[in-house]
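Read through the structure below, which is laid out as structure tokens, and then see the notes.
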Amino acid sequence: MPLPTGYGLNQAFGTSAGTQDFKSVEQADVVLLIGATPTDAHPVFASRLKKRLRQGARLVVADPRRIELVRSPHVTAAYHLPVLPGANVAFVNAMAHVVVTEGLHDEGFVRERCENVDGYLSFIADPVHSPEATEEVTGIPAADLRAAARLYATARNGAIYYGLGVTEHSQGSTMVMGMANLAMVTGNLGREGVGVNPLRGQNNVLGSCDLGSFPHEFPGYRHVSLDAVRGIYERLWGRTLDPEPGLRIPNMFDSALGGSFMGLYVQGEDIAQSDPNTQHVEAALRAMELVVVQDLFLNETARFAHVFLPGTSFLEKDGTFTNAERRINRVRPVLPPRQGKDEWQITCDIATAMGYDMGYASAAEIMAEIAATTPTFAGVSFDRLDQEGSLQWPVTESAPHGTPTMHVGEFVRGKGKLVETVYVPTTERANRRFPLILTTGRILTQYNVGAQTRRTSNNTWHPEDILELHPADAEVRGIRTGDLVELSSRVGTTALRALVSERMPAGVVYTTFHHPVTGANVVTTENSDWATNCPEYKVTAVQVGVANARGETDLEAARREHPDELAAPR
Amino acid sequence: MTETAAPEVRLGNDIARQFAHLPDGDAVARIADHLLRFWDPRMRARLRDLVAAGDPDLDARVVVAAELL
């Protein structure tokens, strides 16, 4: 769920997507990589980044873990800033503090292009934001942070790339605004080689967001309360539309348990494995009167389905994927859908059966409607995509071939908005009972919840989720590599094998969430980003101990109460 | 805050904490605006019910913001 990127960049720049194309990295001189592991989660971009680094660009890695890019063949980061989970905003403020108080900011750029300049500059110059004052919170040696800030600010082109290690925090949205602030004060926007660039969580996540999957927006990131926007669709569809926002996924679970949200149609997402606090999610799914799952596989969520509808693979799809650089790519079927219908036809059939005749004849016709109703897609059609190969939105009359770099000369919202990004610690903190912090992520050979990759021989490389922990944390607990350990938080317990690793800082442990048998999300909590309710996957207070045997977990006990539920084939 | 607090209490207080540095009037306006733009009406209704019931865990500024909805 990339909601904090959408919220934060929209606040700062006026549009909810990354500022550059991927090619832009070829012009970057200093890359600031925050909360992302491209070699595991974005290998294609990682190759382009490494190519640029081999040409001499400098790299700053801000991540709790000593990720591969910190030091690997032909690549050595200039600085590794081991920011502690939960301290991102304190870190980015310290970076901007150094830039501003050392006079390294681009006065001309901020005066011409930004608003709230004096308010922000006086806010960020406050010594409470200095690297020395925040060292204990961020875990980053102040001298390293100062040096990294100088490197980024004095680069000809400084570019920020970030991942879910930014967004999946209680201050995810604030951190996105904090990075936008840093790019604005250094004038690193509106040309090639710079920008604020999200490395997204899924291949088509931007496409889903573009086309109205947020419960408060219509396609093109237009709020449902706008009468003029609703009017476009009301005239076209002949129906009155609700001007109020809907529930976000965690709100749906809460409302299911509260008795007001009773039906769910879930397509191509395995919420029972991917969402935090599995026991809570499963209880919510059990409370619903109707769960419809449409997927390629009988996934974990399918246990709770009253109706299962078949999905199609990308090889059978006719449509578009939109990647993080706003590039709309055609996806063409190499074989007809084996189940006899395209996924969108099934959705149309449901709508028709419910009384609205949703009679599109083709995917191309749906794109034509998107273009006719969404200004940023005005020039998009399957024909144009076939002619051009692909297009980066906005595609408009003034930019008929698309827009590789955004905010050139002026931000979409006019002036860029500098926001006072106050650091507010998460309520999830290490304590006596749960003295370690768990953070989660991915590995190269598995994708997300593994629904697709676990069913391949990729499992040879990564057959199970492993808990990585620092030698000191392992030693005091008597844990050796390969031991079965119990991982507990205030919401749940699971068991997995340990790997003692100096990639981890002391006090922080790490695992992936690819395997349902481990179920990392059994221990993650209900905490979420304050603005968007994107779950705080990256910070969970936990305890780890040697497990003598793998006992029954709370989750398994809860499942035992429901023997009728379908077990997903592994 | 108790762990069993209603979700709206936790989520409302999360928002209020982000604006704790602002004067009362500004913070309340920002909280109310956020609730209107991003919360489903049923969540706002539950929040108002919690305010009416005098929920002790609710941030004072969320209480005032809820009354503006």
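The values are calculated or read from the model by the stated rules, or taken from the named source; none is laboratory data. Note that the structure is a prediction, hence the values are computed from the model and not measured. Here the Cβ is made from the backbone with ideal geometry for all residues, glycine too, and neighbour counts use every protein chain on show.
Results, tabulated for the structure shown:
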quantity: Qualifying residue in region A:240-251 (condition: in contact with a helix residue (DSSP H, G or I) (Cβ under 8 Å, 6 or more places away or on another chain), away from chain B (no Cβ under 14 Å), assigned to a helix (DSSP H, G or I) and surrounded by fewer than 21 Cβ atoms within 10 Å (Cβ to Cβ)); calculated: no
quantity: Selection count, region A:285-298, where residues are touching a residue at least 60 places away in the same chain (Cβ under 8 Å) and either in a loop (DSSP other than H, G, I, E, B) or within 14 Å of chain B (Cβ to nearest Cβ) (or both); calculated: 3
quantity: Cβ-Cβ under 8 Å pairs, at least 6 apart or on other chains, region A:132-143 side in contact (Cβ under 8 Å) with a residue 40 or more places away in the chain, far side part of a loop (DSSP other than H, G, I, E, B) and surrounded by fewer than 17 Cβ atoms within 10 Å (Cβ to Cβ); calculated: A:V137/A:P425
quantity: Unique residue being out of contact with any Leu (no Cβ under 8 Å at 6 or more places or on another chain) and part of a helix (DSSP H, G or I) when the list is A:E325, A:E365, A:E282, A:E369; calculated: A:E365
quantity: Answer from A:T352, A:T373, A:T403 - the residue that is touching a strand residue (DSSP E or B) at 6+ places or on another chain (Cβ under 9 Å) and farther than 30 Å from A:A28 by Cα; calculated: A:T373
quantity: Helices (runs of 4 or more DSSP H) wholly inside region B:1-58 that include at least 1 residues being touching a residue at least 24 places away in the same chain (Cβ under 8 Å), more than 10 Å from chain A (Cβ to nearest Cβ) and surrounded by fewer than 17 Cβ atoms within 10 Å (Cβ to Cβ); calculated: B:24-38
quantity: Helices (runs of 4 or more DSSP H) (entirely within region A:5-108) containing at least 1 residues that are more than 21 Å from the chain's Cα centre (by Cα); calculated: A:43-54, A:88-101
quantity: Checking A:D254 against (1) within 14 Å of another protein chain (Cβ to nearest Cβ); (2) closer than 28 Å to A:P310 by Cβ; (3) in contact with a helix residue (DSSP H, G or I) (Cβ under 6 Å, 6 or more places away or on another chain), the condition it does not meet; calculated: (2)
quantity: Hits in region A:420-441 (condition: over 17 Å from A:L84 (Cβ atoms) and surrounded by 21 or more Cβ atoms within 10 Å (Cβ to Cβ)); calculated: A:T421
quantity: Residues located in region A:477-533, provided they are outside any loop (DSSP other than H, G, I, E, B), farther than 25 Å from A:D63 by Cα and within 14 Å of chain B (Cβ to nearest Cβ); calculated: none
quantity: Members of region A:409-452 that are out of contact with any strand residue (DSSP E or B) (no Cβ under 7 Å at 6 or more places or on another chain) and assigned to a strand (DSSP E or B); calculated: A:F411, A:G414
quantity: Selection within region A:447-482 - modelled with pLDDT of 95 or more and surrounded by 18 or more Cβ atoms within 10 Å (Cβ to Cβ); calculated: A:L467, A:E468, A:L469, A:H470, A:D473, A:A474, A:I479
quantity: Residues (out of contact with any Gly (no Cβ under 9 Å at 6 or more places or on another chain) and of a type in the set (D, E)) located in region A:516-530; calculated: A:E526
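Conditions (1) at pLDDT below 95; (2) closer than 25 Å to A:R429 by Cα; (3) within 14 Å of chain B (Cβ to nearest Cβ); (4) buried (at least 23 other Cβ atoms within 10 Å of the Cβ), marked per residue:
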residue: A:S122; (1), (2), (3), (4): no, no, yes, no
residue: A:P141; (1), (2), (3), (4): no, yes, no, no
residue: A:G172; (1), (2), (3), (4): no, yes, yes, yes
residue: A:G190; (1), (2), (3), (4): no, no, no, no
residue: A:G212; (1), (2), (3), (4): yes, no, no, no
